[in-house]
1. Tell me yes or no: at least one residue of the range 16-25 is within 38 Å of the chain's Cα centre (by Cα), within 24 Å of Ser124 (Cα to Cα) and either touching a residue at least 60 places away in the same chain (Cβ under 8 Å) or assigned by TED's automatic domain parsing to the domain that holds Ser104 (or both).
2. If only one of Arg344, Arg336 is modelled with pLDDT of 70 or more, surrounded by 10 or more Cβ atoms within 10 Å (Cβ to Cβ) and assigned to a helix (DSSP H, G or I), which one is it?
3. For the range 285-304, how many residues are of a type outside the set (Gly, Ala, Ser) and at positive phi?
4. Among the listed residues Gly23, Gly28, Gly54, identify the single one that is surrounded by 24 or more Cβ atoms within 10 Å (Cβ to Cβ), under 26 Å from Ser147 (Cα atoms) and not aliphatic (A, V, I, L, M).
5. Any chance the range 72-86 includes a residue that's farther than 19 Å from Gln119 by Cβ and small (Gly, Ala, Ser)?
Amino acid sequence: MAERGITEPTPIQQQAIPHLLRGADVIGQARTGSGKTIAFAGPMVQRCDPTVRGIQGLVLVPTRELAIQVGEVMAMLAKPLRVEVTLLYGGRALGPERNALHRSHIVVGTPGRTLDHLQQGTLSLKGVRTLVLDEADEMLDKGFGPSVQRIIAGCPTDRLTALFSATLPEWVRSAADRYLRNPVTVRVDAAETQIVEIEHLVYDVPMAYRFDALKTLLSKQGDDPIIVFGRTKHGVRKLARQLEAVGFSVGALQGNMSQNARERVMTDFRAGAVRVLVATNVAARGLDIERVEQVINYELPESADLFTHRVGRTGRMGRSGEAITFLTEEDAPKWREFERNLKRSFPRQRWPLDGAKPTPPPVVADPREQQQRRSAQLASPRPPARQSQAPTRGYQSNHRSDQPQRPSAPPQPAAPTRSQQPAGAPPPPPMERRQAPESPSSQGQARGAKRRPEQVAPSPFAEGRWRS
């Protein structure tokens, strides 16, 4: 820790580490960016015996990005003690993870991938001594709850269990009673204190002017990294393409991306190659990104707890931060609910319009939608090919396609029947009987009969000029 410049523990580390080292279960609540990861990573590494094979520590986290971040901190602390750490998360092959589990002591993983290894028999949790649920309120929620419960069932009952999060509603404490034994609650720098320390700017913006307001804020910020939060995956992709179309350096982060694409976006954003990160709530929890001094809530999240986690991406570890929130006409009831849950009212102001007309966002094409349309067109059945009308029976055409065709005669009107004749009209003339055309053989015989004998050339055999 001293090599990383960590010489003085934060309040959550100072209070939680002693309880964990003596083997007590802990419920830790502290603001985002307060050092919770080191608070449970240090004791977990200390409790591992590198001479014993098998998994002795397990950390469950909700997102892949958080798993990578926690794994880096864990590996930094475990390397001097020769303790091996393995990451388990989706979006990559199972083979390398399976091979790494044979020599690992600590696992940091997401619930889905950890449960996959557990069901396939490549992961054994019988030797787990320390279990940590990071972002515990989300881990015990309906989405992850069943998987987490099955994973915990595979751990020994005499283990040490710790829950850490920036937000811990009462239902989380009730659910934790099934997994913890006489836990010690450590509550330091809770979410309400964090919100007071971060400067909040709340703007009432008409929906038509929201994109213009976002462009104005991004232009004023300079080169500092900014996180813009949206609500849906499709909306985040679309907003990122619109900002890129008007000249901003933008990266998008949402759950439908491949793991390689997600890691590439985060690497570019941390390195400064991408200035603006447009993300869903997948980036709201646990990610520690340096120099992020501004967070913009382009769209409100679903709950006040998610709002707390979003704004916690700035103002970390005592640094200054600014959180800007856009409110449209439809967001007013939800915002009042947020203020009641957070027990604080935020000053609001109207976004200055100055009589200008709103500029519509640029129209951008979604490559995913285009690919889906092309796939649908290829998969749809083709109409049957038009077949040419077969010739009538008994007729054999000698017409060649490269010869001009003689125009056909217009059809003749049919003669009226006897019932259709007007009264007093003379009867129609009798139809002439046509004679059938002569056959080619009869025509040849007739032509031969008319030919005179002197016109027939004498045969050379008759004159004896040719001999057999």
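1. Checked against the condition, which is being within 38 Å of the chain's Cα centre (by Cα), within 24 Å of Ser124 (Cα to Cα) and either touching a residue at least 60 places away in the same chain (Cβ under 8 Å) or assigned by TED's automatic domain parsing to the domain that holds Ser104 (or both), the range 16-25 yields at least one hit.
2. Working: Arg344 fails: assigned to a helix (DSSP H, G or I).
Criteria check complete, one pass: Arg336.
3. 1
4. Numbers: Gly23 fails: surrounded by 24 or more Cβ atoms within 10 Å (Cβ to Cβ); Gly54 fails: surrounded by 24 or more Cβ atoms within 10 Å (Cβ to Cβ).
Of the residues listed, the single one that is surrounded by 24 or more Cβ atoms within 10 Å (Cβ to Cβ), under 26 Å from Ser147 (Cα atoms) and not aliphatic (A, V, I, L, M) is Gly28.
5. Initial filter on the range 72-86 (farther than 19 Å from Gln119 by Cβ): 72-85.
Add one more test, that the residue is small (Gly, Ala, Ser), and what stays is 75, 78.
Within the range 72-86 (the criterion being farther than 19 Å from Gln119 by Cβ and small (Gly, Ala, Ser)), the answer is yes, since at least one residue qualifies.
The values are calculated or read from the model by the stated rules, or taken from the named source; none is laboratory data. Everything quoted here is computed from the prediction, not taken from an experiment. Ideal geometry is used to build each Cβ from the backbone, glycine not excepted, and the neighbour counts take in all protein chains shown.
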